[in-house]
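In what follows, a structure is listed as C-alpha cells, so that the remarks can point back to it.
The values are calculated or read from the model by the stated rules, or taken from the named source; none is laboratory data. Owing to the predicted nature of the structure, the values given are computational and were not obtained by experimental measurement. Using ideal geometry, Cβ is built from the backbone for each residue, glycine included, and neighbour counts are taken over all protein chains shown. SASA here: full protein model, heavy atoms, side chains in, ligands and nucleic acids out. Shrake-Rupley method; radii C 1.70, N 1.55, O 1.52, S 1.80 Å.
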Amino acid sequence: MTSFTTGVYQWALRLPPRQAPVTFCPQLRGLTCITKPDSLFPPPCQNPAEGLNTSSMFHNISLNTVMSCKGRQKCSLHLRIKTVLQVTDHIHGVSICTETAGMMVNCRVFSFKKRSKERMSGLQVEVEDDCTDISPNQHVQVMVKTVPVYCGLTWSVTYNAPGCNRKDFRKHVPECITGKLSYTVNPERKELSVSVSDMLEDHNYLLRLCHKHFICVGTGAHKLIKKEEAVKSATFTYSRPLPCLCIEGWSAVMDAPRVQVCPFKDRLEELWYGVTFDPLEQMLSWLPPCQVSAVVTLCQKSKDSVCVDLPHASQNASREKIIFTRVDPHPQLCVKFTTDSQSWIRCPFAEGSFQAWEVVVTREEVKMLSHITATFSVGLCVKSAGSAVCQTTETHTVHVEKNKAVGLNFTGQICNSSLMVKRLDVNYAATVLHYLEQCNHSLPLRPLVKNRASWDFSWVIIQACVCLSGIITATLVLYALLTVDQRRKVQRNGDEKQIDPPLDFVVPALQAQPVNLGQILIPDSPQSGNAEKTNLICD
C-alpha cells in the first residue's frame, strides 16, 4: 500500500506493496473492535454527557490517498482515514462516513467489545480505514462520529484527492496512464514524426494534430497505433509551425486522459501573419491563429525603422478577430503586435499594392493624384536655419476626385521645403512627409499654380496637335501614291505609239573646240528650230 500527502494532512510515500485495503483496530492490551456497515436509518443523536466535546474525543485525524496494486499498470486509489479515539464509558465505538458527488453516503461502524472497553477506559485507541475507493481529483466529504451519536460531536471535512499530475499515478493508475510522446521535426518537408512509449497495456492508441485553445481542436484525421505493432510511431504533415500546434495522444478507451506536446510553442513570430485588407470597405483585419494575449496597434514607420503608434489605434487581442475600419493603405502604415516579452512589426502595404494616392513633384509644379475620391490636409513645412525640426507655415485642405490630378497652390516659396500630407476622410492614416528638391536658380522658375481647368485645357491642345499631325501625314502619303500612278500611265501610253521625236529637236553633241582666252561658248537657243553649230562670240 502506498500513501501520499496533500493539504494540511500528513502523507507518507512508500513503495507500493500489493495488498487489499483493510479496516482494523490495532490490538492494544487486548482491545478488539468489530467493523460493520452503518444502518440506513440511524437513531437520532443524544445529548452529550458533561465534558464530552469534539476536541476531547478525536485526536490526530488524518486523511491519506493509498494505492493498491495487482500489476504494474493495475493500481487503484483508496482513501485512508486514521483517528485516535478517547475510550470512555460513554463511547461504544466510532462511525466513519464518506460521501461523493452523485453517490449515496457510505458509513462503517467500529464498535468495541464490552469487556475490552471496560479494561481500557480512559485510554486512547487508533482506528484506521482504507475501504473508500476514490478517483484522481475527486472531492470526498468525510464525517467522523461517535457511537452512540452525540449531538454536536461530529468531525467533518472535504478531502480533495490528488490528480494525475503525479508521476507514479501516470505510471501505475489506468485512469492516469497517457503514454509518452517524442517527436522529430523535418522543416524542409514540414513533417512531424511521432513515437509513443509507456502506453496502456493491451489497448490501441490514437494520435492527432490539434490547435490548442480552451480545448485542442483537431486539424485532421486521427491515426491509430495498434497494440500489436512493434514500432509505435506515425508521421504528420503541417502547414505552419504555430505555437499552438500540438500533438495529442490517448489510449483507445472511454474517457481516457490525453497527453499533449507542442513542438513550436516558442515560435510566437508565426502568429503575426495573415493581416488582410479589403480595399472596397477600407478595412484592415487580423484573426489570431492561436489564442494569445497581445496588444495590436497601428503605427507609422519612419526611415530609421522606428514605428510610432497612431493615436487611439490599439486593440487587445485574445481569440477574436481584430478589425480597423476606414484605413488609408499607405506603405508607411504598419501593424505592431506587442506581448509581455517583445514586439513585432508587420507592414502589409509596404509594396505599395494598395496605395490610393501620391504626390507628383516636378521642377515646375506639384500635383496630387488619387485613385479614389478623397480629402487631404497638405501643409508646407520649412526648416529654419540650424534647426532639424520642420515647421508648418501653410496648410490647405485639398479635395481630389478619382483619377483627376489637382495642382497645389502655395503662396510661399516651396523650394528647399517639404510637404506634409495626411488623408482626412478616414479613421487611420499616416502623416507623410514629401521632400522637395532644391531649386535651380540659373533657370527661371515658373509659377507653381495649377488648377484643374488649365490642366484640362492643356490636355485638349495636346490631343488636337496629335490629330492634326496624323491628317497631314496621311495626305502626304496619298499624294505620293497618286504621283507614282500618273507616271506609270504616261509611260505605258508612250510605248504603245512608238513615235520618234522630230529631227528639229535633235541637238548633236558638241565637239570639243579650242577655246581662246577671253572667249565664251554659247549654244543657240533650242527654240531656233535649226540644228546649226554653235557660234563663237569673240571680244
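For region 179-303, the spherically averaged projection of the C-alpha convex hull amounts to 11.1 nm².
For the pair R326 and H90, the difference between a 0.36 nm per residue extended length and the Cα-Cα distance amounts to 76.5 nm.
Solvent-accessible area per residue in region 300-420 equals 55 Å², computed with a 1.4 angstrom probe and all protein chains kept. Overall, region 241-395 carries a charge dipole of about 160 debye about its Cα centre when +1 sits on the Cβ of Lys and Arg and -1 on the Cβ of Asp and Glu, all other atoms neutral.
Scoring 331-341, 219-229, 91-101 by mean Cβ neighbours within 10 Å over their residues and listing the highest first yields 91-101, 331-341, 219-229.
Working note: Cα gyration tensor of region 269-402, eigenvalues times five, square-rooted, sorted largest first, giving semi-axes of 32, 20, 12 Å.
Restricting the chymotrypsin sites (Phe, Trp or Tyr not before Pro) of region 199-262 to loop positions (DSSP other than H, G, I, E, B) with no more than 15 neighbouring Cβ atoms within 10 Å leaves F214. Residues T158, T88, ordered by accessible area of protein heavy atoms at a 1.4 angstrom probe radius and largest first, appear as T158, T88. Once all Cα-Cα distances of region 42-96 are split into 10 Å bins that start at 0, what whole-number percent is in each one? Each 10 Å bin holds this share of Cα pairs: 17, 36, 23, 15, 8, 1.
Highest-first packing order for the peptide set 171-182, 310-321, 193-204, 463-474 is 171-182, 193-204, 310-321, 463-474, based on the mean count of other beta carbon atoms within 10 Å. Protein heavy-atom surface of region 89-165, 1.4 angstrom probe: 49% of the accessible area is carbon and sulfur, with nucleic acids and ligands not counted. Of the accessible area of region 253-398, with the probe set at 1.4 angstrom, what percent is carbon plus sulfur? Carbon with sulfur: 51 percent of the solvent-accessible area.
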